[in-house]
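Here is the structure we will look at.
A short reminder: the numbers here are calculations on the coordinates, not readings from a lab. On a predicted model such as this, the values are computed, not experimentally measured, just so you know. Ideal geometry is used to build each Cβ from the backbone, glycine not excepted, and the neighbour counts take in all protein chains shown.
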Amino acid sequence: MPTNEAPANSLEPRPGDENLTRGNVFIQEYGLMIRESFPPQVSLTFSGELPTPCHQLRALVSAPDEENKIIAEIYSVVDPNMMCTQVLKPFQANMDLGTFPTGHYTVWINGEMAGEFDT
């Protein structure tokens with residue numbers, strides 16, 4: 001578990017999301033940023049495209065499991081009744097993951113390893 005409470009995630013699901021349709025995102029680049037602080041603070045950066053300009057980006061990030069895997073589930077939501085131009089919409093996002101006890105960690109985005117770090 002993180003040693004400090006994880007920062008608020010602006011991409012977390014929101015009230016009303018249960019009335020929206022869940023969709024995919026197309027992630028093209030991702031990486032980890034480790035700030036030189038004590039304890040080190042870790043951020044996940046990623047960019048890609050949403051299916052349409054009407055889709056909104058969402059992300060859920062788990063606490064490290066028993067193998068120190070941190071799993072990020074990144075997806076989109078959209079109002080199924082909204083008319084929308086069928087064109088991809090680029091996005092860039094940065095999420096603070098927090099600080100962690102000493103160990104080796106891996107970060108996974110939608111089933112793919114995005115990176116690893118040691119604290």
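Quick notes on this one:
- Our note on the geometry: Cα centres of the range 44-88 and the range 7-39, 7 Å apart.
- Mean separation of Cα contacts under 8 Å, 6 or more apart, over the residue count of the chain: relative contact order %: 33 percent
- Cβ-derived FRET efficiency at R0 22 Å, Val87 paired with Glu29, nearest 0.05: 0.65
- For Tyr105, net neighbour charge (Lys/Arg +1, Asp/Glu -1) across residues whose Cβ lies under 13 Å away: -4
- R0 of 25 Å, Cβ-Cβ distance Glu67-Asn110: FRET efficiency to nearest 0.05: 0.90
- Between the residues Leu88, Tyr30, Leu44, the greatest Cα displacement towards the positive end of the dipole of the range 17-118, with unit charges on the Cβ of Lys, Arg, Asp and Glu, is found for Leu88.
- Computed about the Cα centre, the dipole magnitude for the range 7-111 is approximately 220 debye when only Lys and Arg (+1) and Asp and Glu (-1) carry charge, each at its Cβ.
- GNM result for the chain, Cα springs below 10 Å: residue of Phe26, Phe46, Phe38 fluctuating most strongly: Phe38
- Sequentially through the range 78-91, phi angles give Karplus couplings (6.51, -1.76, 1.60; θ = phi - 60°) of 8, 6, x, 9, 8, 7, 8, 4, 8, 9, 5, 10, x, 9 Hz, Gly and Pro residues having no value and appearing as x.
- Convex hull volume per residue, computed on the Cα atoms of the chain, equals 99 Å³.
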